[in-house]
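Enquirer: Below you'll find the structure I mean.
The values are calculated or read from the model by the stated rules, or taken from the named source; none is laboratory data. In this text, all values refer to a predicted model and were calculated from it rather than measured experimentally. For neighbour counting, all protein chains shown are included, and Cβ atoms are generated from backbone atoms with ideal geometry for every residue, glycine included.
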Amino acid sequence: MKQLLYISLFTLFFSCQSETKNKITKADDYNQFLNSEAPETSSKYFDLWNSKIKPDSIQLTSFGVVAGQYDAYFKATGDIEYLKKAEQALEKAVEIAAIGRAGYRRALARNYISQHKFKEALVQAEHAQKIGGGLEETQSLLFDVHMELGNYTLAKNYLDSITNLKDFGFLIRAAKWNDYKGDLTSTINYMEQATKKAENTKNEALMLWSYTNLADYYGHDGNIKKSYQFYLKALKLDNQNAYAKKGIAWIVFSHEQNPEEALRILDAVTKNYNAPDYFLLKHEIAAYMGNKKESAINLDAYFTNVKNPKYGDMYNAYNIDLLLNTTAQPKQALKLSEREVANRPTAESYHFLAASYLKLGDKEKALQIVENYIEGKTFEPAILLTAAEVYKMNGQDGRVKILKDELSEAIYELGPSMKSKIEAL
């Protein structure tokens, strides 16, 4: 009996030590930000400008101001209606503008990027380039669009054309380029420089964007403590920032293995923020906990939101993953994957196509896609996991082992739900 008691105490001691080692967050740090308030979606200033817009209006300034405000409301609420209203205002501005046309086309292109209408964004960016004016802004935009479309050689050319180590816009794009290349050290170095630039200007919008992006990069690099600190810095600037709260919830879930607390954070967020992917994350966490009821409620909330046709192709990637791994509809997944490849021929799109063929039993076709469109073209763990599964089904154990070793170090990014999948490779 004494021996059993010693063993139990020994196990408990080391269990507590492990829990303490993983513990980074403190509820006292972020509880103050969880009292979600419904964001303001109107103001006297906005109403004034909005009232000037008529069906036959030529009040160009009104369209620009109103579009910017609608975009801000979209970011605050996650409601697609605001993004679409911004699109309508910008399309009207592009139609009637006699001066400043390049700027309105750039703004419309950025709206299209948010909607994952990348080819439409490219059209607007190229029009802006032809018009002239704001050349560097247009070159920066073209870098962004070509990165989204997987045109990496063109993207690098545009990045080279705006090279300026003192410029915030260049630094954040240099960070993105190095992230794509798998050079996280350079990525973080550039993003840290950009963050300092933003702080020096005291521009809160740039600071907020920098803090959340730097937090993401630190997380990718395994520096969870710094990631957490920068999400908190973002919340001190904007106490309703849903993205920063989601980042903290992920740390609590994936690193600290505390799904109950992660759900508590996300429940507070989704009271007033309705982007579909937040409900999908809640579904994932509840499923991991074995809470079938909570999992089903949040999955239903996701589908209810995302069926709105105004979302267009914004949630194709999420929907394909669900079709493959949750609802077991590989034929529908294949169809949507083909659409995504046509819209955006990147390694991410092709990995969904490969996964669809694998689920349908065509392992040779899946391997062909991996070898032609994924190998050596990405460092994203989720994509490499698909490649490893394809290699395994094709009996290429050497390749599987290499990727398995890499993926074992990426469990934080992939989430604890993927641990058993990686171990089974």
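Enquirer: Is one or more of the residues making up the range 415-423 touching a Phe, Trp or Tyr at 6+ places or on another chain (Cβ under 8 Å), of a type outside the set (Gly, Ala, Ser), more than 30 Å from Ala121 (Cβ to Cβ) and in a helix (DSSP H, G or I)?
Expert: Within the range 415-423, one or more residues are touching a Phe, Trp or Tyr at 6+ places or on another chain (Cβ under 8 Å), of a type outside the set (Gly, Ala, Ser), more than 30 Å from Ala121 (Cβ to Cβ) and in a helix (DSSP H, G or I).
Enquirer: For Ala296, only one of the following conditions fails: (1) crowded, with 22+ Cβ neighbours inside 10 Å; (2) over 25 Å from Lys119 (Cβ atoms). What is its number?
Expert: Only one criterion in (1) crowded, with 22+ Cβ neighbours inside 10 Å; (2) over 25 Å from Lys119 (Cβ atoms) is unmet by Ala296, namely (1).
Enquirer: Exactly one condition in (1) at pLDDT 95 or above; (2) surrounded by fewer than 18 Cβ atoms within 10 Å (Cβ to Cβ) is false for Ala287; which is it?
Expert: (2)
Residue-wise test of (1) on the phi < 0 side of the Ramachandran plot; (2) among the charged types (D, E, K, R).
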| site | (1), (2) |
| --- | --- |
| Asp71 | yes, yes |
| Phe74 | yes, no |
| Lys84 | yes, yes |
| Lys92 | yes, yes |
| Glu95 | yes, yes |
| Gly100 | no, no |
| Gly103 | yes, no |
| Arg106 | yes, yes |
| Ala109 | yes, no |
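Enquirer: While we're looking at this one, here's another question. Out of (1) surrounded by fewer than 21 Cβ atoms within 10 Å (Cβ to Cβ); (2) touching a helix residue (DSSP H, G or I) at 6+ places or on another chain (Cβ under 6 Å); (3) more than 26 Å from His283 (Cβ to Cβ), the odd one out for Gln329 is which?
Expert: (3)
Enquirer: Follow-up question, since we're still on this one. Based on this model, can you work out whether Leu299 counts as modelled with pLDDT of 95 or more and either closer than 15 Å to Arg339 by Cβ or part of a loop (DSSP other than H, G, I, E, B) (or both)? Lay out the reasoning, then the answer.
Expert: Numbers: modelled with pLDDT of 95 or more: yes; either closer than 15 Å to Arg339 by Cβ or part of a loop (DSSP other than H, G, I, E, B) (or both): no.
Taking the combined requirement at face value, the residue does not satisfy it.
Enquirer: Tally time: how many residues in the range 95-113 are buried (at least 21 other Cβ atoms within 10 Å of the Cβ) and more than 30 Å from Thr270 (Cα to Cα)?
Expert: Of the residues in the range 95-113, 4 are buried (at least 21 other Cβ atoms within 10 Å of the Cβ) and more than 30 Å from Thr270 (Cα to Cα).
Enquirer: In addition: From the list Phe303, Phe352, Phe379, Phe279, pick out the single residue that is under 17 Å from the mean Cα position of the chain (by Cα) and either farther than 24 Å from Gly150 by Cβ or not aromatic (Phe, Trp, Tyr) (or both). Don't jump to the end; show me each part of the working.
Expert: Values: Phe303 fails: under 17 Å from the mean Cα position of the chain (by Cα); Phe352 fails: either farther than 24 Å from Gly150 by Cβ or not aromatic (Phe, Trp, Tyr) (or both); Phe379 fails: either farther than 24 Å from Gly150 by Cβ or not aromatic (Phe, Trp, Tyr) (or both).
Only one candidate qualifies: Phe279.
Enquirer: Just give me the residues in the range 263-274 being under 18 Å from the mean Cα position of the chain (by Cα), buried (at least 20 other Cβ atoms within 10 Å of the Cβ) and not hydroxyl-bearing (Ser, Thr, Tyr), in sequence order.
Expert: Hits for the range 263-274 are Leu266, Val269.
Enquirer: So Val341 clears everything in (1) in contact with a helix residue (DSSP H, G or I) (Cβ under 6 Å, 6 or more places away or on another chain); (2) assigned to a loop (DSSP other than H, G, I, E, B) except one condition, right? Which one?
Expert: So Val341 meets the others, but not (2).
Enquirer: Kindly provide the set of residues from the range 114-138 that are in a helix (DSSP H, G or I), under 24 Å from the mean Cα position of the chain (by Cα) and surrounded by 19 or more Cβ atoms within 10 Å (Cβ to Cβ), ordered by number.
Expert: Within the range 114-138, Phe118, Ala121, Leu122, Gln124, Ala125, Thr138 meet the criteria.
Enquirer: Same structure, new question: Looking only at the range 317-337, how many residues end up being under 23 Å from the mean Cα position of the chain (by Cα), assigned to a helix (DSSP H, G or I) and not charged (D, E, K, R)?
Expert: Residues in the range 317-337 being under 23 Å from the mean Cα position of the chain (by Cα), assigned to a helix (DSSP H, G or I) and not charged (D, E, K, R): 12 in total.
Enquirer: Could you check, for the range 26-45, whether at least one of its residues is polar (S, T, N, Q) and either at pLDDT 90 or above or surrounded by 18 or more Cβ atoms within 10 Å (Cβ to Cβ) (or both)? Before you say what the answer is, go through the steps one by one.
Expert: Initially, the range 26-45 is screened for residues polar (S, T, N, Q), giving 31-32, 35-36, 41-43.
Narrowing the set further to residues that are either at pLDDT 90 or above or surrounded by 18 or more Cβ atoms within 10 Å (Cβ to Cβ) (or both) leaves 31-32.
Checked against the condition, which is being polar (S, T, N, Q) and either at pLDDT 90 or above or surrounded by 18 or more Cβ atoms within 10 Å (Cβ to Cβ) (or both), the range 26-45 yields at least one hit.
Enquirer: What number of residues within the range 72-95 satisfy the criterion of being assigned to a helix (DSSP H, G or I), closer than 18 Å to Asn308 by Cβ and acidic (Asp, Glu)?
Expert: Total meeting the criteria: 2.
Enquirer: What do you reckon, is Glu371 surrounded by fewer than 17 Cβ atoms within 10 Å (Cβ to Cβ), in a helix (DSSP H, G or I), among the charged types (D, E, K, R) and modelled with pLDDT under 95? Spell out how you get there, then give the answer.
Expert: Working: surrounded by fewer than 17 Cβ atoms within 10 Å (Cβ to Cβ): yes; in a helix (DSSP H, G or I): yes; among the charged types (D, E, K, R): yes; modelled with pLDDT under 95: no.
Taking the combined requirement at face value, the residue does not satisfy it.
Enquirer: Let me ask you something else. Check off (1) within 19 Å of the chain's Cα centre (by Cα); (2) more than 21 Å from Gly103 (Cβ to Cβ) for Asp160 and give me the number that stays unchecked.
Expert: (1)
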